[in-house]
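K.L.:
Let me begin by handing over the structure; questions about it come next.
The values are calculated or read from the model by the stated rules, or taken from the named source; none is laboratory data. As the structure is a computational prediction, the values presented were derived from the model and not from experiment. Here Cβ is always computed from backbone atoms with ideal geometry, including for glycine, and neighbour counts include all displayed protein chains.
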């Protein structure tokens with residue numbers, strides 16, 4: 001009897017349309033003898049149908065009795081061994097069997113299908129140079145991901161002849177209508193739907209999902225800048241019930257949705273049926289670690305929830321934070337990276353974390369592709385050279401001193417072929433002799449602080465993350481930096497008798513507020529000078545706040561923003577163009593009741609705000625001034641009869657917002673199109689007034 005998964009797969013296969021050129025290209029490759037190419041790259045944006053196409057390729061293989069095995073790289077850690085394990089599972093081999101031998105024995109054709117390849121692109125060089133050349137010549141590898149193939153596939157004279165590419169784009173009108181027809185959407189609605197979705201497969205499927213929930217299958221598109229977000233907002237209004245809406249909203253906040261995390265977030269035990277419903281949605285993909293919402297869907301749902309019901313968003317977010325921090329408390333050492341990355345993902349929209357997360361998100365695969373192990377004798381000269389390159393000869397001498405004294409404290413980060421790309425040196429301050437500490441001004445300063453403010457008791461330990469750097473990017477956001485911070489958290493959680501940790505940082509302006517969020521205090525006002533550079537010291541007393549309480553504190557903080565002003569934000573006024581001013585003001589209206597989202601708004605340092613609070617004001621004072629200025633200027637519209645109708649539209653949308661703009665229009669007794677016109681004109685009027693104040697042209 002077929003399983004539920006089999007039935008889901010069969011239903012999705014029945015809805016496959018279009019892509020005839022791609023299918024014919026795949027068939028033509030299979031028909032050549034020997035294979036005309038050995039690697040087929042399929043690439044395209046999210047939601048364009050790459051997974052569906054790979055499923056169709058697999059059906060072609062079954063029809064032609066060609067051996068095929070599929071791997072979803074989303075669930076594979078990008079290391080050579082993990083990739084081999086995934087292939088062994090896909091081919092149906094035991095852990096001790098060879099993939100190469102099994103493929104060699106599978107007749108004259110074999111196909112390996114790898115989906116979401118962008119998540120393991122760190123293995124691209126290894127696949128090209130080490131793994132693929134060893135495969136039998138009758139194997140075709142299909143790689144499907146969001147990004148175009150790396151240039152090396154095209155520039156290498158050998159691979160040029162053995163690689164082909166397929167670029168997927170939106171459906172044309174014929175394919176889009178075919179999909180809608182198979183979903184039971186009346187032909188009369190096709191043109192309006194496809195004009196609205198522009199043939200984007202995911203958006204078109206979401207329209208069909210929406211109409212499935214309605215008795216009247218008529219689709220009336222509205223003018224909206226984000227097709228997918230608009231569709232999801234509509235779909236949320238039409239889900240079977242409030243419980244289904246709640247589980248979808250909860251799933252949008254987390255990286256992987258499991259019954260356990262959903263149960264915690266919704267504060268209920270009976271989530272199995274809701275979980276099964278969630279798994280059946282067109283924009284949800286099951287994986288080894290749980291259900292994953294499509295990126296477009298997840299981002300749109302989370303943003304909509306936070307805008308529409310911030311209190312519910314905060315409640316769900318708080319419960320998820322507590323769930324993940326509880327997991328970290330009890331995680332084995334090897335489980336910490338996944339648990340920590342899940343928590344970091346949850347905090348991705350925090351104003352302090354977001355800039356780092358946005359830069360790191362694209363590098364996660366690369367970070368997981370790196371190896372971490374102890375230093376070897378061959379590493380020491382190279383590590384010394386890295387320190388000298390970034391910090392100078394004096395620091396290099398100190399590093400060499402500690403390499404000799406405490407070599408066990410060095411962790412090296414390497415590419416899969418063993419090349420060092422970074423390292424971290426963790427010193428056991430309590431085990432260092434007075435003479436050893438005296439050779440390092442940073443260690444001496446840290447020890448002096450401990451003796452004066454946090455003396456160790458017998459048996460207690462103090463650690464200092466003395467050196468941490470990538471070979472190319474030093475202490476900037478990078479895959480190495482990500483692994484360094486993970487290692488530090490593992491150290492916090494699993495070092496017995498740990499009393500105090502010290503973190504050395506050369507760039508406190510970049511990292512200081514983030515360290516403060518992580519409950520690390522800056523230990524001294526004056527930094528330590530070593531050679532041409534100075535270094536700040538941050539610390540945490542684990543006796544005052546042990547790891548469990550520390551994790552609880554992080555969970556409680558959530559979107560809390562520190563009021564610490566950085567040097568970049570003091571005594572400055574930003575000069576904005578008219579377009580930039582209008583864009584910033586539009587964003588200020590949208591985030592008016594969310595102060596944490598206003599802290600990076602450039603209007604905080606515009607003339608109109610600085611004139612209100614003075615140049616020495618901190619960020620919270622500037623945020624309050626900007627909020628008051630926006631509200632006060634909006635109120636000014638009500639004083640002019642010609643602007644009064646515009647005032648009501650802006651007031652009910654942003655100052656005292658109605659649940660939706662449609663509701664606001666009803667409350668004001670005007671057609672929605674009229675309401676939108678009044679709203680746009682009201683925003684223009686507020687912009688005109690404040691711009692005049694900004695440039696000094698107002699009377």
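K.L.:
Please identify the pairs in which a residue from the stretch 17-35 that is closer than 17 Å to residue 63 by Cα has its Cβ atom under 6 Å from the Cβ atom of a residue that is in a helix (DSSP H, G or I) and modelled with pLDDT under 90, counting only partners at least 6 apart or on another chain.
P.N.:
none
K.L.:
Looking only at the stretch 597-637, count every residue that is assigned to a loop (DSSP other than H, G, I, E, B) and modelled with pLDDT under 90 and tell me the total.
P.N.:
The number of residues fulfilling the criteria is 8.
K.L.:
Then there is this: In the stretch 561-588, what residues are modelled with pLDDT of 65 or more, surrounded by fewer than 17 Cβ atoms within 10 Å (Cβ to Cβ) and farther than 20 Å from residue 348 by Cα?
P.N.:
574, 577, 578, 579, 580, 583, 586
K.L.:
Take the stretch 493-505 and flag every residue that is crowded, with 19+ Cβ neighbours inside 10 Å and outside any strand (DSSP E or B).
P.N.:
493
K.L.:
Also: Answer yes or no as to whether residue 399 is under 21 Å from residue 424 (Cα atoms) and either at pLDDT 75 or above or in the same structural domain as residue 77 (by TED's automatic domain parsing) (or both).
P.N.:
So residue 399 fits the description; yes.
K.L.:
Do we have any residue at all in the stretch 359-368 that's modelled with pLDDT of 90 or more and either in contact with a helix residue (DSSP H, G or I) (Cβ under 7 Å, 6 or more places away or on another chain) or not assigned by TED's automatic domain parsing to the domain that holds residue 546 (or both)?
P.N.:
Within the stretch 359-368, none of the residues are modelled with pLDDT of 90 or more and either in contact with a helix residue (DSSP H, G or I) (Cβ under 7 Å, 6 or more places away or on another chain) or not assigned by TED's automatic domain parsing to the domain that holds residue 546 (or both).
K.L.:
Could you tell me whether any residue of the stretch 65-75 is outside any helix (DSSP H, G or I), in contact with a helix residue (DSSP H, G or I) (Cβ under 9 Å, 6 or more places away or on another chain), over 25 Å from residue 31 (Cβ atoms) and touching a residue at least 24 places away in the same chain (Cβ under 8 Å)?
P.N.:
Among the residues of the stretch 65-75, at least one is outside any helix (DSSP H, G or I), in contact with a helix residue (DSSP H, G or I) (Cβ under 9 Å, 6 or more places away or on another chain), over 25 Å from residue 31 (Cβ atoms) and touching a residue at least 24 places away in the same chain (Cβ under 8 Å), which makes the answer yes.
K.L.:
Name the residue, out of 233, 222, 249, 189, that is farther than 21 Å from residue 51 by Cα, at pLDDT 90 or above, in contact with a helix residue (DSSP H, G or I) (Cβ under 9 Å, 6 or more places away or on another chain) and not assigned by TED's automatic domain parsing to the domain that holds residue 27.
P.N.:
249
K.L.:
Let me ask something else. Can residue 524 be described as without any contact (Cβ under 8 Å) to a residue 40 or more places away in the chain, surrounded by fewer than 20 Cβ atoms within 10 Å (Cβ to Cβ) and not in a helix (DSSP H, G or I)?
P.N.:
no
K.L.:
Any idea which of (1) under 29 Å from the mean Cα position of the chain (by Cα); (2) under 27 Å from residue 669 (Cα atoms) is the one residue 598 doesn't satisfy?
P.N.:
Among (1) under 29 Å from the mean Cα position of the chain (by Cα); (2) under 27 Å from residue 669 (Cα atoms), residue 598 violates only (2).
K.L.:
So residue 473 ticks every box in (1) over 18 Å from residue 426 (Cβ atoms); (2) touching a residue at least 12 places away in the same chain (Cβ under 8 Å); (3) out of contact with any strand residue (DSSP E or B) (no Cβ under 7 Å at 6 or more places or on another chain); (4) surrounded by fewer than 16 Cβ atoms within 10 Å (Cβ to Cβ) but one. Which box is left unticked?
P.N.:
It is condition (2) that residue 473 fails.
K.L.:
OK, next. Just a yes or no: is a residue in the stretch 87-101 in contact (Cβ under 8 Å) with a residue 24 or more places away in the chain and more than 31 Å from the chain's Cα centre (by Cα)?
P.N.:
yes
K.L.:
Residues in the stretch 256-297 that are surrounded by fewer than 19 Cβ atoms within 10 Å (Cβ to Cβ), more than 19 Å from residue 73 (Cα to Cα) and within 17 Å of the chain's Cα centre (by Cα): how many?
P.N.:
Number satisfying all stated conditions: 0.
K.L.:
Can you name every residue in the stretch 251-279 that is within 16 Å of residue 344 (Cα to Cα) and in contact with a strand residue (DSSP E or B) (Cβ under 7 Å, 6 or more places away or on another chain)?
P.N.:
251, 252, 256, 257
K.L.:
So which of 316, 340 is surrounded by 19 or more Cβ atoms within 10 Å (Cβ to Cβ), more than 25 Å from residue 510 (Cβ to Cβ) and not assigned by TED's automatic domain parsing to the domain that holds residue 657?
P.N.:
316
K.L.:
Moving on. Can you tell me which residues in the stretch 656-680 are within 15 Å of residue 638 (Cα to Cα) and surrounded by fewer than 16 Cβ atoms within 10 Å (Cβ to Cβ)?
P.N.:
656 - this is the single residue of the stretch 656-680 that is within 15 Å of residue 638 (Cα to Cα) and surrounded by fewer than 16 Cβ atoms within 10 Å (Cβ to Cβ).
K.L.:
Can you tell me how many residues within the stretch 132-163 are touching a helix residue (DSSP H, G or I) at 6+ places or on another chain (Cβ under 7 Å) and either surrounded by 15 or more Cβ atoms within 10 Å (Cβ to Cβ) or in a loop (DSSP other than H, G, I, E, B) (or both)?
P.N.:
15
Yes or no, residue by residue, for (1) under 32 Å from the mean Cα position of the chain (by Cα); (2) free of Cβ contacts under 8 Å to residues at least 24 places away in the same chain; (3) at positive phi:
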residue	(1), (2), (3)
120	yes, no, no
145	yes, no, no
149	yes, no, no
160	no, yes, no
176	yes, no, no
186	no, no, no
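K.L.:
Checking residue 417 against (1) surrounded by fewer than 16 Cβ atoms within 10 Å (Cβ to Cβ); (2) farther than 30 Å from residue 84 by Cβ; (3) touching a residue at least 24 places away in the same chain (Cβ under 8 Å): exactly one of these is not met. Which one?
P.N.:
Every listed condition holds for residue 417 apart from (2).
K.L.:
Additional query: Across the stretch 110-122, what is the total count of residues that are part of a helix (DSSP H, G or I) and either modelled with pLDDT of 90 or more or not assigned by TED's automatic domain parsing to the domain that holds residue 69 (or both)?
P.N.:
1
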